[in-house]
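Trainee: Dropping the structure in here first, questions after.
The values are calculated or read from the model by the stated rules, or taken from the named source; none is laboratory data. For clarity, every value in this text was computed on a predicted model and none was experimentally measured. In this analysis, Cβ positions are derived from the backbone assuming ideal geometry, glycine residues included, and neighbour counts consider all displayed protein chains.
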Amino acid sequence: MTGAIWHALSVSFDMFWEILWPLALGFLLSAIVQSIVSRNAVASALGSDSPKSLAIACGLGAASSSCSYAAVAIARSLFRKGASFSAAMIFEFASTNLVFELGLILLILLGWQFLAAEFAGGLLMVVLLAILFRLTLSRRLVDRARRQAERGIAGRMEGHGEMDMSITDGSFLRRLLSGRALTSISHY
C-alpha cells in the first residue's frame with residue numbers, strides 16, 4: 001500500500017516537473033510580448049480584414065495566451081482602438097485555442113504528432129471563422145458593434161483588457177532590458 005502511494009506521488013511530481021518548465025517559459029514569453037508590444041501598434045496592424053492582418057491577429061493571439069475573460073476584454077479593446085472586427089475575433093479565438101505554452105506541454109507529454117494535430121485543427125478553425133465572417137458580416141452590423149463598443153460600457157473583466165503596461169521607447173533590446181519592462185513583465 002505504501003509503495004503504491006509513493007509511486008503515485010513520484011509520478012505526480014514527475015508530471016509537475018515536466019509541465020512546470022514549458023509553462024514558465026511560455027508565460028515568460030507571453031509577458032515579454034505583452035510588455036514590449038503596445039496595444040496601439042497591434043491595433044494598427046489589425047486594421048483590415050486582409051489575410052495578412054488576420055494571420056498577424058492569429059499569431060499575436062496565440063502568443064498572448066489569455067484566459068477566456070481577458071481574451072474577450074482584450075479583443076474589445078483592440079476593436080475600440082481600430083482593429084477590424086474579424087481581426088479582433090481571430091485574436092480572441094487564437095488566444096484561447098492556439099496557446100504556445102500549452103503547445104509545449106502537449107509536445108512534452110503527448111508528442112509532436114498530437115501537437116501538430118492540435119495546431120492544424122486550431123488553424124483550420126481560424127480559417128473557417130474568417131470565411132464565415134467574410135460571408136455573413138455586413139458593414140452595418142460591424143458599424144453597430146463598433147458604436148456599442150465605443151459607448152465605453154465596461155464589463156466585469158474590462159479592466160484586465162485595458163491594462164496596457166507596454167514599453168514603447170527605444171530599441172527592442174533596450175525596452176526588453178529596462179527596469180520598467182522587467183516590472184511590467186513581472187505583473188503578467
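Trainee: Only one of these is closer than 18 Å to ALA130 by Cα, at pLDDT below 85 and over 10 Å from the mean Cα position of the chain (by Cα): SER44, SER53, SER48. Name it.
Mentor: Numbers: SER44 fails: closer than 18 Å to ALA130 by Cα; SER53 fails: at pLDDT below 85.
It is SER48.
Trainee: Now for a different question. For ALA83, only one of the following conditions fails: (1) surrounded by fewer than 23 Cβ atoms within 10 Å (Cβ to Cβ); (2) out of contact with any Cys (no Cβ under 8 Å at 6 or more places or on another chain); (3) at pLDDT below 85. What is its number?
Mentor: That leaves (1) as the condition not met.
Trainee: Which condition from (1) touching a residue at least 40 places away in the same chain (Cβ under 8 Å); (2) assigned to a helix (DSSP H, G or I); (3) among the aliphatic types (A, V, I, L, M) is the one that LEU141 breaks?
Mentor: Unmet for LEU141, out of (1) touching a residue at least 40 places away in the same chain (Cβ under 8 Å); (2) assigned to a helix (DSSP H, G or I); (3) among the aliphatic types (A, V, I, L, M): (1).
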